[in-house]
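Below is one structure, written out as structure tokens, with a few remarks after it.
The values are calculated or read from the model by the stated rules, or taken from the named source; none is laboratory data. Not measured: the values here are computed from a predicted model. Neighbour counts run over all protein chains shown; Cβ positions are idealised from the backbone, glycine included.
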Amino acid sequence: MKKMNIAIDGPASAGKSTIAKKVAEQLGYIYLDTGAMYRTLTYAALSNEVDLQDEEALHTLLKGIRITFLTAGNEMQRVFLNDEDVTDSIRSEEVTQNVSLVSSFAKVREEMVARQKSIARSGGVVMDGRDIGTVVLPDAEVKIFMTATAEERALRRYKENIAKGMTTSLEELTEDMKRRDHLDSTRSVSPLKKAEDAIVLDSTHLEIDEVVKQILGIIEVRL
Ligand code: C5P
């Protein structure tokens with residue numbers, strides 16, 4: 001059977017990664033979390049005290065690092081910066097606060113997009129991010145644009161944080177969500193934008209499994 005590429009875009013915490021991962025599992029496809037790639041570069045820059053405003057320095061840093069993913073059975077996908085497991089470190093508040101800046105630079109995006117395209121070359125990839133349907137995989141057979149209100153997305157992040165023992169208030173998270181949405185949608189290079197041929201799914205009032213079912217239904221008719 002033909003292996004398709006599936007692009008899932010949308011704002012922070014719309015549920016993209018959980019859903020993309022489940023869709024990939026069901027289809028036996030590779031799941032690629034492109035946000036994790038930008039987060040890993042941000043983490044590397046912070047660890048190496050690279051100036052986060054310096055596009056050239058960020059680009060040089062990125063050219064010198066390997067970002068890889070490891071999925072074992074049902075376990076959570078692990079993310080590696082060279083040989084270092086950075087799965088947890090890239091979710092820190094410091095990385096979250098700075099990732100939109102790092103990912104706003106054209107040279108950074110060019111290199112990331114090249115890596116992402118190369119992973120999807122043979123098909124069979126579910127990729128989630130901000131510019132997948134518009135820039136990385138404009139020919140993807142299925143494009144989904146996932147949304148949910150900022151309040152609902154902040155609430156989801158709040159519940160996740162509580163489970164991890166983090167204590168940021170719901171108000172702060174809502175503000176952060178809106179700030180990141182604004183930066184991601186207004187940057188000049190590849191802003192967060194719905195591809196013209198993407199199907200919009202609003203997950204505000206839907207359970208994860210319901211969204212997964214809808215996406216699998218959309219994919220099935222195209223197989
Ligand atoms: O998906 P996640 O929230 O982990 O992404 C972190 C950040 O990485 C986003 O807020 C955005 O600034 C950036 N990003 C991007 N393009 C992508 C994926 C993520 O600019 N394709």
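Descriptive notes on the structure:
One line per residue, one yes/no per condition, for (1) touching a residue at least 12 places away in the same chain (Cβ under 8 Å); (2) in contact with a Pro (Cβ under 8 Å, 6 or more places away or on another chain):
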| site | (1), (2) |
| --- | --- |
| ASP181 | yes, yes |
| LYS193 | yes, no |
| VAL200 | yes, no |
| LEU206 | no, no |
| ILE215 | yes, no |
| ILE219 | yes, no |
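- Within segment 111-125, the set of residues being loosely packed, with under 14 Cβ neighbours inside 10 Å and in contact (Cβ under 8 Å) with a residue 40 or more places away in the chain comprises just one member, SER122.
- Strands (runs of 3 or more DSSP E) contained in segment 1-115 and holding at least 1 residues within 15 Å of the ligand (Cβ to nearest atom) and among the acidic types (Asp, Glu): 5-9, 30-33
- Pairs with Cβ under 8 Å, 6+ apart, first in segment 1-26 and among the β-branched types (Val, Ile, Thr), second assigned to a loop (DSSP other than H, G, I, E, B): ILE6/TYR29; ILE6/ALA140; ILE6/GLU141; ILE19/SER203; VAL23/TYR29
- Residue count for segment 165-178 under the criterion of being in contact (Cβ under 8 Å) with a residue 40 or more places away in the chain and either out of contact with any helix residue (DSSP H, G or I) (no Cβ under 8 Å at 6 or more places or on another chain) or not charged (D, E, K, R) (or both): the result is 3.
- Filtered residues of segment 130-139 (kept if near the ligand (Cβ under 10 Å from one of its atoms) and either among the aliphatic types (A, V, I, L, M) or in contact with a Gly (Cβ under 6 Å, 6 or more places away or on another chain) (or both)): ILE132, VAL135, VAL136
- Some residue of segment 145-153 being among the polar types (S, T, N, Q), within 16 Å of the ligand (Cβ to nearest atom) and touching a Phe, Trp or Tyr at 6+ places or on another chain (Cβ under 8 Å): no
- Selected residue (only one of ALA140, ALA148, ALA114, ALA72 is in contact with a Ser or Thr (Cβ under 9 Å, 6 or more places away or on another chain) and over 16 Å from ARG39 (Cα atoms)): ALA148
- Some residue of segment 202-213 being crowded, with 17+ Cβ neighbours inside 10 Å, aliphatic (A, V, I, L, M) and within 13 Å of the ligand (Cβ to nearest atom): no
- Yes/no for GLU151 being free of Cβ contacts under 8 Å to residues at least 40 places away in the same chain, loosely packed, with under 15 Cβ neighbours inside 10 Å and within 26 Å of SER104 (Cα to Cα): yes
- Every residue from segment 62-89 that is small (Gly, Ala, Ser), at pLDDT 95 or above and surrounded by fewer than 12 Cβ atoms within 10 Å (Cβ to Cβ): GLY64
- Which listed residue is modelled with pLDDT of 90 or more, more than 13 Å from the ligand (Cβ to nearest atom) and not acidic (Asp, Glu), from LEU170, LEU192, LEU183, LEU223: LEU170
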